[in-house]
Amino acid sequence: MTLRIGIIGCGGIANGKHMPALKKVKEAEMVAFCDLIEERAEKAAVEFGAAEASVYTDYQEMLAQEELDVIHVCTPNSSHSPITIAALEADCHVMCEKPMAKTTEEAQLMIDAAKRTGKKLTIGYQNRYRTDSMYLHEACQDGELGDIYFAKGHAIRRRAVPTWGVFLDEEAQGGGPLIDIGTHALDLTLWMMDNYKPKYVVGKAYRELADTKNAANAWGPWDPEKFTVEDSAFGFIMMENGASIFLESSWALNTLDVKEAKTTLCGSKGGADMNNGLTLNGEKRGHLYDNEIQLETGGVDFFDGAGSDPADVEAHMWIDAVLNDKELVVKPEEALVVTQILEGIYESSKTGQPYFFN
């Protein structure tokens with residue numbers, strides 16, 4: 001069986017991840033493309049679409065006219081929730097790009113729609129599908145680290161502010177590096193800990209470098225007048241069981257300690273970090289050890305035919321889950337907690353007070 005797929009939003013993330021990966025899945029056929037800029041949808045249809053693929057500028061029109069099995073939502077954060085809900089109600093399974101939504105309320109409405117319609121909903125946290133992530137998750141599941149009671153989520157760039165699209169627009173995105181890349185680090189950390197019950201957070205968002213003109217930056221200088229989000233944000237998260245997490249994120253920060261989409265874990269039996277490859281540490285027979293895992297030799301189960309590129313593995317496992325009614329790797333309830341915590345950090349920064357979860 002071949003699934004008929006529609007792409008909503010044909011910008012950077014669709015071209016950089018979703019569409020190239022889906023094109024490699026033989027059971028997937030991209031037959032409809034939607035973007036507010038018609039030329040982008042037309043270009044995507046030519047490059048990635050099936051013969052005579054349709055092009056739209058209105059996603060509601062696309063959902064009404066096309067018979068689709070799966071929708072990939074690759075739009076700004078502010079539209080994730082309404083588009084996802086509309087797609088689910090149009091009898092489509094949905095892969096929504098991260099973060100799940102701008103707010104917890106919007107994310108919950110997405111979950112409610114998935115339950116109401118009986119369709120699958122997942123969120124694009126592709127870093128879970130990396131070789132090091134899969135190995136570490138398996139080690140955590142096997143209890144090698146014991147009880148993970150302290151962790152760090154890392155999403156630090158020195159000068160890599162995205163200057164295209166709406167990344168700098170607070171209204172469209174809901175925030176800056178915290179919601180953009182901090183979300184990946186937090187998702188990885190919670191997944192490893194298998195802990196989705198936050199008690200409270202204390203957080204602070206900063207906008208200290210955003211007004212710099214002609215700044216050194218990986219993608220060229222940003223426009224300070226358009227930079228309406230934070231340039232860095234940090235949070236301390238206390239979980240209900242007493243475990244704690246420190247989350248750090250930045251697009252621009254005066255530091256040499258740069259690391260992105262990584263986690264550090266400290267457990268009662270051992271620890272792990274992704275700083276220089278994947279290293280597990282601990283104590284045996286009265287001596288300390290640190291073992292660097294040789295990931296290039298294989299050994300972690302991947303989806304057959306997907307290779308080891310995280311985006312490809314994500315696409316193959318997602319389509320397989322839809323076709324064969326398998327369990328999702330990224331469950332929407334997990335992604336909702338990520339959004340909940342990020343929202344709490346932003347709120348704590350605004351009020352200067354801890355943010356408690358009900």
* To do: Within segment 1-16, work out how many residues are in a strand (DSSP E or B) and crowded, with 23+ Cβ neighbours inside 10 Å.
  => 4
* Total residues in segment 77-101, condition touching a residue at least 60 places away in the same chain (Cβ under 8 Å), of a type outside the set (A, V, I, L, M, F, W, C) and under 19 Å from Asp325 (Cα atoms) -> 1
* Going by the conditions given, is Ile179 under 16 Å from Ser349 (Cβ atoms) and within 18 Å of the chain's Cα centre (by Cα)? -> yes
* Structure fact -> Taking segment 265-298 and keeping only residues that are farther than 19 Å from Gln141 by Cα, of a type in the set (A, V, I, L, M, F, W, C) and open to solvent by less than 50 Å² (accessible area, probe 1.4 Å), one is left with none
* When only residues in segment 99-128 that are within 21 Å of Val313 (Cα to Cα) and either of a type in the set (Val, Ile, Thr) or open to solvent by less than 10 Å² (accessible area, probe 1.4 Å) (or both) count, which is farthest from the chain's Cα centre (by Cα)? -> Leu121
* Structure fact -> The strands (runs of 3 or more DSSP E) lying wholly within segment 17-96 that contain at least 1 residues that are more than 25 Å from Tyr125 (Cβ to Cβ) and at pLDDT below 95 are none
* **Condition broken by Leu136, with the remaining ones in (1) surrounded by 19 or more Cβ atoms within 10 Å (Cβ to Cβ); (2) part of a loop (DSSP other than H, G, I, E, B) satisfied** => (2)
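The values are calculated or read from the model by the stated rules, or taken from the named source; none is laboratory data. This is a predicted model, so every value here is computed, not measured. Positions of Cβ are backbone-derived with ideal geometry, glycine not excepted, and every protein chain shown enters the neighbour counts. SASA here: full protein model, heavy atoms, side chains in, ligands and nucleic acids out. Shrake-Rupley method; radii C 1.70, N 1.55, O 1.52, S 1.80 Å.
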